[in-house]
Amino acid sequence: MRLVLLGAPGSGKGTQAQRMQARHGVPQVSTGDLLREAVAADTELGRAAKAVMDAGQLVDDRTMLGIIRERLARPDAKRGFILDGFPRNTSQANSLDALLASLKLKLDRVVLMDVDFDILMKRLTGRRTCSTTGAVLNIYFSSPTELEACRKAGGELLQRDDDNEATIRNRLQVYERQTAPLVDYYTKKGLLETVPATGEVDAVYSRLKSAVGLK
Ligand code: AP5
C-alpha cells in the first residue's frame, strides 16, 4: 500500500494515518513530524525550518525532497507507506513522481480528506498531542476517557507552536493556494478518491479503508 493523504490542516490526516499504521502496519510518513523532530533536536535543518513553520509557510522544496528521499529509503518503507503532508505543491508532486519512478514504484491511491473550512479552526485550536503516547487528541472532540488515558500514562497534553489563530489562518491560505491544486493533478492521473472526513473518527476511518480497498 503506497498512499498519499491530501487535505487541509486539521482535516485528520495524522489521526487517520496513525490508525492505519497501528492496525495495518503501513508506516506513516509525516513530513510535519519529521520537521518537528528536527526542531526538537535543534539540528541545522530544525533551526532553519522553525521560523518558516511558525509563520505557517512551506519549507523549501529541495529540503523537503531530501527528507522524503531519505525516509523512503529506510527498510520499513519497503512494506509501503502513508504520506501525510507531502506533496504540498505541484513541484513536490512532480519530484515524488520522479523519485518513485527511479525506485520502480507507483502510488496506489491519493485520498482527499474533505472537511468544511469552518470546522478546521476549532479542530486546530483544540488539538493537543500526548507527550508520552504521541496520540493526537482534541480538547473539544476527544472523549474524557481518551484525554484521561494520556494523564494516566504520565503524559501532558501539549499544544503545537503553529496551532495559534494567526498561524492557522496563514496555513489555511497556503493550503488553498499551493496544495489544493493537487486535487486536479491527481484526478487527472486517475488516482484521487475523496473521503468525507467529518463525523466520528472511527466512521471516517471506515470510509478511508473502503476508499483504499482495505478490509
Ligand atoms: P503538518 O504537520 O503537515 O501540518 P498540517 O498539514 O497543517 O496538518 P495538521 O497536522 O495540522 O493536520 P492533520 O490533517 O494531520 O490533522 P490531525 O489528524 O492532527 O505541517 C506543519 C508545517 O510543517 C507546515 O505548515 C510547513 O511549514 C511544514 N511542512 C510539513 N510538510 C511540508 C512539506 N511537504 N513541504 C513544505 N513544508 C512542510 O487532526 C487535527 C485535530 O482534529 C486533532 O486535534 C484531532 O484530534 C482532531 N480530529 C481529527 N479527526 C477528527 C474527527 N473526525 N472529528 C473530530 N476531531 C477530529
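The values are calculated or read from the model by the stated rules, or taken from the named source; none is laboratory data. Every value quoted in this text rests on a predicted model; they were computed, and no experiment measured them. Every residue, glycine among them, receives a Cβ derived from its backbone with ideal geometry; neighbour counts consider all protein chains shown. Just so you know, the surface numbers come from the protein's heavy atoms only, side chains and all, with ligands and any DNA or RNA stripped out. Shrake-Rupley method; radii C 1.70, N 1.55, O 1.52, S 1.80 Å.
Annotation for the stretch 120-138: at least one member residue is over 17 Å from the mean Cα position of the chain (by Cα), charged (D, E, K, R), part of a helix (DSSP H, G or I) and within 25 Å of Leu35 (Cα to Cα). Taking the numbered list (1) near the ligand (Cβ under 8 Å from one of its atoms); (2) open to solvent by less than 70 Å² (accessible area, probe 1.4 Å); (3) touching a residue at least 24 places away in the same chain (Cβ under 8 Å) in turn, Gln57 passes all entries but (2). Being crowded, with 19+ Cβ neighbours inside 10 Å and on the phi < 0 side of the Ramachandran plot holds for only one residue in Arg47, Arg109, Arg69, Arg88, and it is Arg88. Within the stretch 19-36, take every residue that is touching a Gly at 6+ places or on another chain (Cβ under 8 Å) and within 11 Å of the ligand (Cβ to nearest atom) and give me the one that is most open to solvent (accessible area, probe 1.4 Å). The extreme case among them is Asp33.
Of the strands (runs of 3 or more DSSP E) contained entirely in the stretch 1-87, those carrying at least 1 residues that are at pLDDT 95 or above and among the small types (Gly, Ala, Ser) fall at 28-30. Going by the conditions given, is Arg36 among the basic types (Lys, Arg) and closer than 18 Å to Leu105 by Cβ? Against the criterion (among the basic types (Lys, Arg) and closer than 18 Å to Leu105 by Cβ), Arg36 does not qualify.
Out of curiosity, is Ala8 near the ligand (Cβ under 10 Å from one of its atoms), open to solvent by less than 40 Å² (accessible area, probe 1.4 Å) and either of a type outside the set (Lys, Arg) or touching a Leu at 6+ places or on another chain (Cβ under 9 Å) (or both)? Yes; evaluated as a whole, the condition is true for this residue. Across the stretch 136-170, the qualifying residues are those that are under 25 Å from Thr194 (Cα atoms) and among the hydrophobic types (A, V, I, L, M, F, W, C), and the one among them that is farthest from the ligand (Cβ to nearest atom) is Ile168.
The set of residues from the stretch 121-135 being of a type outside the set (D, E, K, R) and either buried (at least 20 other Cβ atoms within 10 Å of the Cβ) or touching a strand residue (DSSP E or B) at 6+ places or on another chain (Cβ under 6 Å) (or both) comprises Leu124, Gly126, Thr129, Cys130, Ser131.
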